[in-house]
1. Please go through the range 175-251 and write out the GluC sites (Glu not before Pro) that DSSP classes as loop and that have at most 15 other C-beta atoms within 10 Å.
2. What whole number of Å gives the distance from the Cα centroid of the range 23-58 to the Cα centroid of the range 207-243?
3. Which of 19, 256, 179 sits closest to the plus end of the dipole of the chain, meaning its Cα is farthest towards the positive end, when Lys and Arg get +1 and Asp and Glu get -1 on the C-beta?
4. From the phi angles alone, apply the Karplus equation (6.51, -1.76, 1.60; θ = phi - 60°) to the range 66-75 and give each ³J(HN,Hα) in whole Hz, x where the residue is Gly or Pro.
5. What is the Cα centroid distance between the range 123-139 and the range 82-105, reported in whole angstrom?
6. Can you list the residues, at least 5 places off or on another chain, whose amide H is less than 5 Å from the amide H of residue 223, using H built in the peptide plane?
7. For the chain, set up a GNM with springs between Cα atoms under 10 Å and report which of 46, 58, 28 has the largest fluctuation.
8. Across the range 243-254, in residue order, what do the Karplus-derived ³J(HN,Hα) couplings come to in whole Hz, using 6.51 cos²θ - 1.76 cosθ + 1.60 with θ = phi - 60° and x for Gly and Pro?
Amino acid sequence: MTQSAQSTHAGRIALITGAATGIGRATAIAFANAGANLALADIDSAQMDQTRRLAEQAGAKVLCLSADLSSTAQVERMVAQTVSRFGRIDCAFNNAGISGEIAPLADSSEDNWDTVIGINLKSVWACMKYEIRQMLTQGAGAIVNTASVLGLVGGARAPAYVASKHGVMGLTKSAAIAYAAQGIRVNAVCPGYIETPLIDKVMQQHPEYRDQIIAQHPIGRMGSPEEIAQAVLWLCSDGASFVTGHGLAADGGFVAR
Ligand SMILES: NC(=O)c1ccc[n+]([C@@H]2O[C@H](COP(=O)([O-])OP(=O)(O)OC[C@H]3O[C@@H](n4cnc5c(N)ncnc54)[C@H](O)[C@@H]3O)[C@@H](O)[C@H]2O)c1
C-alpha cells in the first residue's frame, strides 16, 4: 500500500456497526490502517474486543460500544457516546445485520419478518437519523449502509432479508437527496456472497447451496470481507466526493448476469 493510500482517512472518526466479525471487522481494520480512529458497535462484546485489539495494533484509538441496534434508544446512545468521546463523526458504516430464516415466503414466519426488518432496516433508519443530526452540526459527513446484491435483485429463499435490503436502498437514496446540499453523502455497498460467519451459518444448514451460490458469481468464487472494506473506504473518501445515493455492487459480477 502506498503512503497516500495509508493516510486516506488520517485523523477521521469512523463509526462502524456490526464491527465484531465479518465485513464490519475487516472495515474497522481497513479504516485503522488508513489512519482513522474508531467507534465500534455490536451486540457481541467478546468478538468486538478482538476487533478492538486488531484495530489498536494498526494504530487506531478505539471506543467499543455494546448495543442491540434494533433498539432506537440504544442507537441514540451509541451516537451520543461516540460524539462525547471523539467530538464528531466523519464516516458512519451502518452494517449490522442478520440473514434470518431461509424459507420461501409462504413458509416464512411473522417473528422472522419482525426480527429481520428490525435489525436490518429499522436500525439503519435509526442510525442515519442520529448520525445525520450530528453531521448537520459539522456541515459534512459520509454514510455507507450495507445493503446487498439482494437489495438490487430478488432472491427466492429469504423474502424478509430481500425486503430489508431493498428498504436500505430506499433509505439510502432518500437521505442522499435530502442532505446532499448540506455536505452529507449517503451511499450503500451491495456485497455479493462474502465468506463471513453469517454465510458460514447458512452453509452449515444448507451445504448443498455452496456450489449454486458460487455459480451465481461470474468471477467463480465468493468474496472476502476485505474486498468489501475497500469499497466502503472508497465511498467514504474524498475520491468519492461526487458520489451520493449510489448502491455500489461489489459482487464478482452477480448482478451483471
Ligand atoms: N456475508 C454476505 O454474504 C453478505 C452479503 C451481502 C450483505 N451482507 C450484509 O453485511 C452485513 C455484515 O454481515 P457479515 O456477513 O459480516 O456477517 P457477520 O455475522 O459476520 O456480522 C454481522 C454483525 O452484526 C452484529 N449484529 C447482529 N445483530 C445485531 C444487533 N441487533 N445489534 C448489534 N449488532 C448486531 C453481529 O453480532 C455481527 O457482529 C449484514 O448487514 C449483512 O446482511 C452480507
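Laboratory data are not the source of any read-out in this text; all were calculated from the coordinates shown. Only a predicted model underlies this, so the values are computations on that prediction, with no experimental measurement involved. When we count neighbours, we look across all protein chains shown, and the Cβ atoms used for this are built from the backbone with ideal geometry, even at glycine.
1. Listed in order of number, the matching sites are 195, 208.
2. What the calculation gives is 19 Å, centre to centre.
3. After comparing all options, I get 179.
4. Using θ = phi - 60°, the values come out as 7, 8, 8, 7, 6, 9, 5, 4, 6, 5 Hz.
5. 12
6. 193, 194, 195
7. Its mean-square fluctuation being the largest, the pick is 46.
8. 10, 8, x, 9, x, 8, 6, 10, 8, x, x, 3
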